[in-house]
Structures are given as structure tokens and as C-alpha cells.
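Visitor: What follows is a structure written as C-alpha cells; I'll ask about it next.
The values are calculated or read from the model by the stated rules, or taken from the named source; none is laboratory data. No experiment lies behind these values; they were computed from the predicted model shown. Please note: Cβ atoms are built from the backbone with ideal geometry, for glycine as well, and neighbour counts cover all protein chains shown. Surface accessibility is based on the protein's heavy atoms, side chains included, excluding ligands, DNA and RNA. Shrake-Rupley method; radii C 1.70, N 1.55, O 1.52, S 1.80 Å.
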Amino acid sequence: MTNCRSKCMMASEGLEDRISNLPSEIIDRILECMSVRDAARTSILSRKWRDFWPMHSKLIFDEHTFRVIRHGVLLMPDNQIDKIINKILLQHMGPIVKFLLDLSYINSARYSDVDQWMFFLSRNGVQELSLLYSKLTGKSYRLPSYVFTSSSLEHLALHKVIIKPLACIFMGNLTSLSFKNVKFESSSSEGYSSCLRTPQLKRLSIEICNGIHHLEIVARSLEVLTIYSSAARFIGFLNPNIKEFNFAWCREVPTKHGFHLLSRLLAKLPKIQILRFDGFFLKYLAGGHTPSELPRTAECLEYLKLDDLNFKDLDQIATVISLLQSCPNLCILDLKVRW
């Protein structure tokens, strides 16, 4: 029995290490599926794996990652987490393609370290940057302006951070931009005013942001636009290439002659395929006299969703009917009725 076991061990020792010889893209994908702690532990497998971990191009520090780290280091306190991230970035080799950070687990007194991380990433070719808060408590982080000067950024997602005003921002490679619960800080009483030029931007989302007075976004390639309960003037974002437009006011609005706005929407969105409105915006559109037929038709529109529709509001229903008559190729109508 002992001889048989020793033979098996000898045979296994002679086997080729096929996993370590996989292409670097596949090994990077394997590390991506692991937590930061488990990925770091692979460095003890062999000399090859010792070099794989520091070159891992995607670093995810989300709620799950911090939970694993804390329980794996004898319930490490939050004020030690920044030291671990500092050590990981210090030992890292090569570019960091993706960096996600849950700021809920970073002590606000250590936000100066976060500034250094942002500076390091903006100078090391980061392509995808996400800053979020899984918990609503805690002090918001002020994002340094040099993040917007990174020429390598392609995807930027910001949640509950504070953005300082910049007169004009140019991000030539950005394709996806998301603002959620972001405060645009400005010393002016009129609010935040800025111009963002993103020639490659295809997806833009602005949700529940405040402090915006005038945010001009020049994006000729924009295809998907989402605006939820924000004071931004979305008309300035529209261009003929938009295929999906999601808009929700999420609050009461004064009754105005919104029909002209609806006409302008259809005129500016000739390629629109997916359109979503909420009840408050419908109420705004229903203000004043609504003709039975709109002067513009949405020939490409295939999916229309209307939330919080009030069947007791005859002006609102008239607006919906006019809109439906202007969509000859509509395939799906999704209605959510207000009870």
C-alpha cells in the first residue's frame, strides 16, 4: 500500500503544471473570480503565481471583499483597511484596468489616502473606475478634479460623492458615465455650471443629483440617456443618435404647456427605440391643450413604458393617446397604473 502511494506521488510530481502555464488572460480571469484575500494567497503556490497576483489588472474592494478581509484577519477594524489597500497598490505591477471601491468601509479621516489612490490610478491607465457607498451613513468623499483629466478612463461610476466645479472637462475615451446621489459643489449661489465633452460617450445616467444649475454634456455618440429626479437640463444632452431615453421626475411639478416639449423630444430623437416616462413627467406634458396628433412621429420606437399613469387625469390620457398615435411601429406597451 505504501509503495503504491509513493508511486502515485512520484507520478503526480512528474505531471506538467497546466494551470500555471495557461495564458495570462485566463489566469487574470481566474483571479478576478476570487476575493482579494484569496487571490493574494495564490502567491504561495509557486514562483509563477507569486508574480501573477501583483499583476492582476482588476481590483474589487466591495462589501463582500471587506467582509472576507475583516473576518480573515481576526475581525480587523475599519481603520486598518486603508493600510491593506496601500500595501496592495504599492506591490502592484503593471496597469490597473478596473478599480471598484466601497467608500462605506473607509474612515473619512483617511480620505487623504483615497486621494492618493485616485492620483495613482489616474496615472496608471485605469479604464474603469467605480466609487460607491453600500451604506448611506458616513461623510461623502470629495472627488479630486484630476480624476477627470485621466485620458485612459472608459467607464466612470460615482455614487454619493462630492464633485468640485470645473469650467470645462474633456474625456476623449469615456464611453459610460454614471452619477448617482452626487452633489455638485459650487461657490456660486446659482449652482454648478460646467461643460463635459465626451465624443465617445454612449451611456449617460444622472440619478437624484443636486447642485446642478447647468451641465452641458457634448456627446455625439450618446445612445442611452437616463435621468431620474435631477434638475439637469436634459434637452442639452439630446442628439439624433439616442436609441434609449429613460426619464423620471419623481416629484410634483407645476402644470405647464409641456406639449411643445414632447414635440421637441420626438424631433430630437429620430432613432429612439426605447422610451420610458413616469407619471409626474406625464403630468407636466399634459399641461395645457394637447392636439390629437403630434407633428412628429417616432417611427423607430418599439418599446414604450409609462409609470404611475393616472386614468382619472383626462389631459394625461390625451397626451398618452397622442403619443401612441405617433408610434406606428410600437411593439411593446408597458403601463404601470397609479392606484
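Visitor: Apply the a/c threshold of 1.5 to the C-alpha gyration tensor of the stretch 299-339 and tell me whether it is rounded, prolate or oblate.
Guide: Note, shape of the stretch 299-339 comes out oblate.
Visitor: In nanometres, what is the gap between the two model label sites at residue 142 and residue 109, each 7 Å from Cα along Cα-to-Cβ?
Guide: Spacing of the two 7 Å Cα→Cβ label points: 1.9 nm.
Visitor: Accessible surface of residue 278 in the full protein assembly, 1.4 angstrom probe, to the nearest 10 Å²?
Guide: 10 Å²
Visitor: May I pose another question? Among the lysines, select those whose C-alpha is under 18 Å from the C-alpha of residue 160, and discard any that sit fewer than 8 residues away in the same chain.
Guide: Partners found: 135, 139, 180, 183.
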